[in-house]
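Following: one structure in structure tokens, then a few remarks.
Derivation of every value follows stated rules applied to the coordinates shown; laboratory data play no part. Treat the numbers as computed from the prediction; the structure is a model and nothing was measured. Cβ coordinates were reconstructed from backbone atoms using ideal geometry, including for glycine residues, and neighbour counts include every protein chain displayed.
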Amino acid sequence: MSDVEIYTDGACSGNPGPGGWAAIVIADNDDVEQLTGGERHTTNNRMELMAAIRALDALEHPSSVALHTDSAYVSRAFNEGWLDNWQKNGWRTSSKKPVKNKELWQQLLALDEKHDVEWIWVKGHADNELNNLADALAVDAMEQYK
């Protein structure tokens, strides 16, 4: 059992366009916090990353975290070694192109090192109630930036 359960999502209207992110942070004492934000001109992937960054950054102490995301981009980067390869290759992809959102990945890596994070992919827009809530919150946040 994790100390903290987190559900994150990002939303974007156009890609790029106005975007929003949301995180639901559930502490082991059952405290629930909803975090949201957004930007006027961004991408969906940036919003997915920001949701995870803001959620992990909000934790006051190093924690064991189960972070649920419907972003294959985020979960696979950690679970399939993409981040390790990007760093070994000087922040270049396997096709030798610069990794997009490098500065956000670096922030997320630092937070991943601070906390013991299990990156869990969940199917988006399915039957996961907390993922659906994170999606609705991210869409609401995005609407504020239109």
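Nearest 5 is fine: what % of DSSP beta bridges in the stretch 4-143 come out antiparallel, could you say?
Close to 65 percent.
Would you mind putting 90-97, 19-26 in packing order, based on average other-beta-carbon counts within 10 Å, highest first?
Taking the mean over residues of other Cβ atoms within 10 Å, the ranking is 19-26, 90-97.
Using helices alone, what [θ] at 222 nm do you get for the chain, with -39,500 (n - 2.57) per DSSP H run of 4 or more residues, divided over all residues and rounded to the nearest 500?
-12000 deg cm²/dmol
What is the sum of charges around Ser71, taking Lys and Arg as +1, Asp and Glu as -1, for the other residues whose C-beta is under 9 Å from the C-beta of Ser71?
-2
Quick one: how many lysine pairs in the chain have C-alpha atoms under 17 angstrom apart, if they're 8 or more apart or on different chains?
Pairs that pass both the separation and distance tests number 4.
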